[in-house]
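First comes the structure, then the notes that go with it.
The values are calculated or read from the model by the stated rules, or taken from the named source; none is laboratory data. Remember, it's a predicted structure, so these values are computed and weren't measured experimentally. Here the Cβ positions follow ideal geometry from the backbone for every residue, glycine too, while neighbour counts run over all protein chains shown.
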Protein chains: 4
Amino acid sequence: MKIRVYYEDTDAGGIVYHANYLKYCERARSEFFFQEGLTPVIDGAHFVVRKMDCDFLSSAFFADELDVSSSIDVINRASFIMIQEIRKDDKLLFKTKVTLVLAKDGKPKKISENIKDMLQSLFAKIDK
Amino acid sequence: MKIRVYYEDTDAGGIVYHANYLKYCERARSEFFFQEGLTPVIDGAHFVVRKMDCDFLSSAFFADELDVSSSIDVINRASFIMIQEIRKDDKLLFKTKVTLVLAKDGKPKKISENIKDMLQSLFAKIDK
Amino acid sequence: MKIRVYYEDTDAGGIVYHANYLKYCERARSEFFFQEGLTPVIDGAHFVVRKMDCDFLSSAFFADELDVSSSIDVINRASFIMIQEIRKDDKLLFKTKVTLVLAKDGKPKKISENIKDMLQSLFAKIDK
Amino acid sequence: MKIRVYYEDTDAGGIVYHANYLKYCERARSEFFFQEGLTPVIDGAHFVVRKMDCDFLSSAFFADELDVSSSIDVINRASFIMIQEIRKDDKLLFKTKVTLVLAKDGKPKKISENIKDMLQSLFAKIDK
């Protein structure tokens, strides 16, 4: 997924404000679903970020075009872990390991085999 | 109401990103209610921005402390109009005329005499 | 220009937060330049929003795909006026008249014939 | 430091959008400097986020008033590590370990004894 950096994304330091890389990752996760005509809301449950370990390796600037790549690391009972990386050309700018929990009304929910298969196939497709 | 400018508010031009002045005005409108132990949601209805005429007169910078002043211009059947101004020290940076509609489930709703009185008294208090 | 609505764009009312329509318009203005391999920064001068009259006509929601259309109304000595509209399918959600000033080091700058021609041709192309 | 949750901070899930907790932490870090009449920019160098390990434990909602607490974990040659926690009343909602690098023109810079002392005293004061 391609992300363009606009004025809104930058700060007075002239670079992309650090929290915006998390937004870009969320856009990419949602876009997987949209591309298949789906939404990331499944029977009223959705994927909530539970943990995010982030490395900010280098800066992006106004007008840059960035690439977000995403892959599934592991799928557990009610959560799954993804690795997401943001690059400019081939340079790695940002890397994160995200734990997402399927939750409904604030409570974790078992990820059914159906959803597991869907996640696997969505992200496998994008990975190529 | 005092607003501090943080990194998140600025852009690569080194100044506050223009759309953020609208956020500051909304914070001020909400804060009137919070200060009285109320919320801007009334029986499931809330105030939706319908129109905003904005003058961006001068720039604010990182670390600035800004003042938002707000006054009611007129209250109509299902809407009301406010004037909001943002200053740094005594310098006017931003001025807007906002039309807000009371809406529930996407439909305009009559502003009852009760709510009219509440709006008048909330904003009169702040005005001093 | 197509804009996708992500979680970051919505608020607790379930709709796109009003100030974000201004961001979408700015993205569209910048993207005109990027598409031609240009940037909206010209010899250290850039276009600053001086005035924005905004009509919020209807709401956009999570996952919506929006269209931003832009046209030049008039070009003055140091400023120009654009009309920008945001639609979902054919429904008009947002309309604004924006006055942009070419400024360098905080001071207005004459728009040269070169830049005038560039603006005309950039936006004429997109208009089709 | 007290943070109020406004509409702009929430998303269509009705809760604070996850990336905004990072903004709140940055506001708190900057505010330490502002409270002492300082800014977080030191001889043209500033503190850049290099790493952030984030736990999103529970959700915050519109109108909530949150507390951000911050303490220094360790100060190294050109970086330091902070622990920041966000609470609502006494409930822990968010916890992060942040590594900040002092950088100038994109390059890490030694943290002088002066700055070390300033950091220690700034954050010690707030900690009480």
Subject >> All positions within the range C:15-40 that are over 13 Å from residue A:4 (Cα atoms), out of contact with any helix residue (DSSP H, G or I) (no Cβ under 7 Å at 6 or more places or on another chain) and within 11 Å of chain B (Cβ to nearest Cβ) >> reply: C:15, C:21, C:25
Original post:
Is it the case that the range D:4-23 has a residue that's among the basic types (Lys, Arg), over 18 Å from residue D:118 (Cβ atoms) and surrounded by fewer than 18 Cβ atoms within 10 Å (Cβ to Cβ)?
Top reply: yes
Original post:
residue B:38 fails exactly one of the following numbered conditions: (1) under 17 Å from the mean Cα position of the chain (by Cα); (2) closer than 30 Å to residue D:39 by Cβ; (3) assigned to a loop (DSSP other than H, G, I, E, B). What is the number of that condition?
Top reply: (2)
Original post:
Tell me, which residue of the range A:41-58 that is more than 7 Å from chain D (Cβ to nearest Cβ) and touching a residue at least 12 places away in the same chain (Cβ under 8 Å) is farthest from residue D:103 (Cα to Cα)?
Top reply: A:43
Original post:
What pairs come up if the first residue lies in the range C:62-73 and is hydrophobic (A, V, I, L, M, F, W, C), the second is at pLDDT 95 or above and assigned to a loop (DSSP other than H, G, I, E, B), and their beta carbons are under 8 Å apart, counting only those six or more places apart or on different chains?
Top reply: C:62/C:5; C:62/C:6; C:63/C:5; C:66/C:5; C:66/C:60
Subject >> Selection count where residues are surrounded by fewer than 17 Cβ atoms within 10 Å (Cβ to Cβ) and part of a strand (DSSP E or B), scope the range D:96-113 >> reply: 4
**OP:** Residues being assigned to a loop (DSSP other than H, G, I, E, B) and not charged (D, E, K, R): count how many of those fall in the range C:1-26.
**Re:** 9
Original post:
Name the pairs: first residue in the range C:13-29 and at positive phi and touching a residue at least 24 places away in the same chain (Cβ under 8 Å), second residue outside any helix (DSSP H, G or I) and of a type outside the set (Phe, Trp, Tyr), Cβ to Cβ under 6 Å, at least 6 apart or on different chains?
Top reply: C:14/D:12
Subject >> Matching residues, the range D:42-74, being exposed (fewer than 15 other Cβ atoms within 10 Å of the Cβ), of a type outside the set (Ser, Thr, Tyr) and part of a strand (DSSP E or B) >> reply: D:61, D:65, D:73, D:74
**OP:** Check whether at least one residue in the range A:30-41 is touching a strand residue (DSSP E or B) at 6+ places or on another chain (Cβ under 6 Å) and surrounded by fewer than 18 Cβ atoms within 10 Å (Cβ to Cβ), and report yes or no.
**Re:** no
Subject >> Filtered residues of the range B:1-12 (kept if closer than 20 Å to residue B:54 by Cα and at the interface with another protein chain (Cβ under 7 Å from one of its Cβ atoms)) >> reply: B:10, B:11
Subject >> Hits in the range D:32-60 (condition: at pLDDT 95 or above and charged (D, E, K, R)) >> reply: D:50, D:51, D:53, D:55
Original post:
Does residue A:116 count as more than 12 Å from the chain's Cα centre (by Cα), surrounded by fewer than 19 Cβ atoms within 10 Å (Cβ to Cβ), at negative phi and assigned to a helix (DSSP H, G or I)?
Top reply: yes
Original post:
Would you pick out the residues in the range B:82-92 that are in a strand (DSSP E or B) and either more than 18 Å from residue B:29 (Cβ to Cβ) or of a type in the set (Phe, Trp, Tyr) (or both)?
Top reply: B:88, B:91, B:92
**OP:** Please state which one of B:102, B:122 is touching a residue at least 60 places away in the same chain (Cβ under 8 Å) and closer than 14 Å to residue B:51 by Cα.
**Re:** B:102
Subject >> residue B:111 vs. criteria within 11 Å of another protein chain (Cβ to nearest Cβ) and in contact with a Ser or Thr (Cβ under 8 Å, 6 or more places away or on another chain) >> reply: no
Original post:
Out of all the residues in the range A:76-91, which are closer than 26 Å to residue A:47 by Cα and in contact (Cβ under 8 Å) with a residue 24 or more places away in the chain?
Top reply: A:76, A:77, A:78, A:79, A:80, A:82, A:84, A:86
Original post:
Restricting the search to the range D:67-91, which residues are in contact with a strand residue (DSSP E or B) (Cβ under 6 Å, 6 or more places away or on another chain) and more than 23 Å from residue A:57 (Cβ to Cβ)?
Top reply: D:67, D:68, D:69, D:70, D:71, D:72, D:85, D:86, D:87, D:88
Original post:
Among the candidates B:11, B:53, B:64, which residue alone is over 24 Å from residue A:13 (Cβ atoms) and among the charged types (D, E, K, R)?
Top reply: B:53
Original post:
Which condition number does residue A:66 fail, the rest of (1) modelled with pLDDT under 95; (2) more than 12 Å from the chain's Cα centre (by Cα) being met?
Top reply: (1)
